[in-house]
Every structure is written in C-alpha cells, then in structure tokens.
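Below is one structure; the comments refer to it alone.
Each reported figure results from applying straightforward, stated rules to the coordinates on display, with no laboratory input. Keep in mind that what you see is a predicted model, and the values were worked out from it rather than measured. In this analysis, Cβ positions are derived from the backbone assuming ideal geometry, glycine residues included, and neighbour counts consider all displayed protein chains.
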Amino acid sequence: MKNKNSIPFIDLAAQQKQIFPELEKRIKKVLSHGKYIMGPEVAELEEKLAEYVGVRHAISCSSGTDALLISLMADGVGPGDAVFTTPFTFIATAEVIALLGAIPVFVDIDPRTFNIDPSHLEAAIKAVKENDPSIYPLPRTFEFQPASHNQQLSPKAIIAVDLFGLPADYQRINDIAREDELFVIEDGAQSFGATCRGEKACALADVAATSFFPAKPLSCYGDGGAAFTDRGNLAAKIKSIRLHGKGEEKYDNIRLGINGRLDTLQAAILLAKLEIFPHEIDARNRIAEKYSNALQGIVEVPVVPSGSTTAWAQYSVLSDGRSEIQTELKNEGIPTAVYYPKPLHLQTAFDYLCYKKGDFPIAEKICERIFSLPMHPYLKNDQIDRITQVMKTASGRRE
Ligand SMILES: *Cc1c(COP(=O)(O)O)cnc(C)c1O
C-alpha cells in the first residue's frame, strides 16, 4: 500500500491551471502600465471585495496581520487597554494587541465550534472591570506593579476569530460589547466566503480583517489582506493609517501609521481568483460533507451551527488517537497538520502575562486532540475515499 501518489494538503497548482489565461492577462496588464503601488487593480479589487462581502468599505492591506493592526490603531487601542481574544488562534491575533502596548486578555473557547465562548467573555469582562481574577483568569502584569504604575486595565475591544472558517457567535458577542461600548473586530483571516444568518463573514462586527496568505480560502501569491467596515469615518482612518497616517495632501501626516498597502500585482492575482471563488466555496462544502459522512464515528467531525456556513479554511477533527492516525496517513502519503499545538497563553512570547497551564482548559484539551486533513476545492472523490479509508483502518486498529 506504500508509495502511492501523495495527496497535497492544499493544491494551488490545480487552481492555477483553472485560471491561467486570466491570471496571465491580468499580470501582463500590470507589467505594461507599471503602476506597482496603488495601481488601478487595487481600487477594482476593493470595490469587488466590498460588493462580495456586502459592506460599504473594503481596504486592501499588506497582510492579514497588518489589517488587524491597522484596525486596532484606528480605534486608538494602546497602553492600559484590555483587548479580549481567544487563546486558540494563530499568534498574529494576539500579537497585534501586544505590539500596541495593550494587554491581551484571553477567553476560553466553545468546545464544539472552537470559537470564543460568549459566556466566558462576559465573565472575563467582569473580572477586568472589578480587577478580580477570582471571577476569571486574568493576566497579572498589572497586579504587581508599584503604585505609581498601578494603572487599572480598562476593557476596550474584542477580537473574535472565525476559526477554520466558521464565524464566531457575533450576535451574542456584539450584544455583550454594546453594554460596555467595546469595539468588536472580526478576525476573518480564515472565514472569507463563510456566512452567518444570511450575512457574509467579514461583515459581522465593527470592522473585520482577512488574509490573502497563500493557504487561506481566497489567496494571492505572496502576502496580502483586507479590512472591511460599514463605517465611513473608520474606513477613512484605516486608509490613512495604511499610508503612514496620510492627511489630505501627499506629505501631510496627521497621525502615525504604517506602510500597509497591498501590491498592485497581488490585487491583479486576487481579481483573477475572485472570479472562481464562489465555485471553490461550493466545492469545499461538498468535500467537507463527504468527509463528515465517511468519518462519523471514526473521529469527532466539525460542527457547523444552523444558520452558519463555513469557508472550510481547514477541515479539522478531534481524536484521542491523533498521533496514530496521523502516522498511518503519513505512511500512505497523506499529509495532516495540527492547528494549533499550543494555545497562546502558554506561548513563550506571552510569558509576561503570567498565565498558567489550566487557565483555559477547553482550549488546552483541544490543542491535544485536534488535527486537520487535506482541504482544497480540487480534492477528488477517490482521494477523499482513500483518506477516510486509511483513517477507518487506523482507528479500527486502536480498538
Ligand atoms: C493567517 C491568519 C492571520 C494573519 O494573516 P497574515 O496574512 O498571515 O498576516 C491572522 N489571524 C488568523 C486567525 C490567521 O489564520
């Protein structure tokens, strides 16, 4: 059974085959007009992204990380601010909070959706307001500082993540946020193309950030991202911060910003990919359904709450026999991945927050049991059959 054709985890080559003529046409056009920064493709892409998501403003950015950073900067997040987020995500989500001198306050996740749990969020906000870690585990950087620095943390914003492509519970998150006038950011890096109650992902909070990194559902050939909002004043601030805090005139700088623009060439590539993107989302859904039907009872398959759809950035399952199943798959040339092996509160970079093991037991437990299977729109039926068959055999052997 060994040395069969291996199956790619993500197949960008199959996608490129589909769109090559359009891709070539679009890239050649950029090469001929030569406007490599903020060329016409950038404006065209932003218009199409806003239309697809159903919001007034889409602002393309140099990466998903920068789209998150710029969104926080646009809300004035800084030292003394508590920003609530999940420990079960990619480092970028919490990194941007810390880079601005604000404090990431982690909140445990729902064990079924893997997204931030709104009831835990309420408890964490209360704990920060009352400066009482007996209500909910809090970072302890502030507790032990001398009186002159004993600045009370104040709740400022929430970054909810649509993990693996499934939107978080924004109905409840937005309600909770409203009570304390907290700013809500949707980290939609993995969920572009998903929906919740008839609305598209990236339209579900005050502002959203997505990523066009090659492994994301809509991707370019390098780094890229975008921010989305319905609010005109916020969009204007985001655009200014993206361009070094630009004012009305070219060398008028009215605030601090960053170099956060998307390259024209990447915009051209995204325009070609956006044309087939709705079909790709349909294909991902068909593949996920096939996986789930075959894997029921073998592993714990993903849960999609009614009213939501996911973009299937990852197809992730839970099993106590993770490493055995992964090894069997690997022996058959089938790659898997673990997103994420370590929750953020236990990452060395966040040692200074003084969180400890046991603070977020649900996220910690899921980190030990989760793994992702190959997922891309060009996965064939016989490949899915092969993958699920190997998993069946592997789990039968465990029993
Ligand atoms: C990929 C990702 C990011 C960062 O996006 P980049 O484009 O790589 O900077 C942020 N948050 C989540 C949840 C991601 O998956």
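For the range 185-264, what class follows from the C-alpha gyration tensor (a ≥ b ≥ c being the square roots of its eigenvalues): rounded when a/c is under 1.5, otherwise prolate if a/b is larger than b/c, else oblate? Please report the intermediate quantities before stating the final value.
On the way: a/c = 3.33, a/b = 1.52, b/c = 2.20.
Judged from the Cα gyration tensor, the range 185-264 comes out oblate (a/c at least 1.5, b/c at or above a/b).
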Relative packing of 182-193, 208-219, which averages over residues the other C-beta atoms within 10 Å, highest first | 182-193, 208-219
Just check the chain against the gyration tensor rule for me: Cα atoms, a ≥ b ≥ c as the square roots of the eigenvalues, rounded for a/c under 1.5, and otherwise prolate or oblate depending on whether a/b exceeds b/c.
-> oblate
Report, in whole Å, the centroid distance computed from the Cα atoms of the range 211-233 and the range 68-82.
-> 19
Check Ala337: other-chain or 5+ apart residues with amide H under 5 Å from its amide H, H built from backbone geometry?
-> Ser372
For the chain, with +1 on Lys and Arg beta carbons and -1 on Asp and Glu, the positive-most of His279, Tyr136, Gly232 along the dipole | His279
If the label point sits 7 Å along Cα→Cβ of His279, residues of the range 357-383 with amide N under 12 Å come out as 378
Arrange the following residues from fewest to most other Cβ atoms within 10 Å of their Cβ: Lys129, Lys356.
-> Lys356, Lys129
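Cut-off is 10 Å between beta-carbons; in what order do Lys29, Lys17 appear when sorted fewest neighbours first?
Neighbour counts put them in this order, fewest first: Lys17, Lys29.
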Gained length - Arg112 relative to Glu324, 0.36 nm times residue gap less alpha-carbon distance = 74.0 nm
Enumerate the helices in the chain for which the Kyte-Doolittle hydropathy averages 0.0 or more and the C-alpha atoms extend at least 18 Å along the helix's axis, using complete DSSP H runs.
-> 264-295
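Once the piece of chain linking Asn331 and Thr348 is laid out straight, how much longer is it, given 0.36 nm per residue of separation minus the C-alpha distance between them? Spell out each step's value before the answer.
Working: separation 17, 0.36 × 17 = 6.12 nm, distance 3.26 nm.
Extending this stretch completely gives an extra 2.9 nm.
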Once you have a ≥ b ≥ c as the square roots of the Cα gyration tensor eigenvalues for the range 1-130, tell me rounded if a/c is under 1.5, and otherwise prolate or oblate according to whether a/b is larger than b/c.
-> oblate
Say each of Gln296 and Ile37 gets a label point 7 Å from the Cα, pointing the same way as Cα to Cβ; how far apart are those two points in nm?
-> 5.6
Residue exposure sequence - Cys196, Cys220 - by fewest surrounding Cβ within 10 Å | Cys196, Cys220
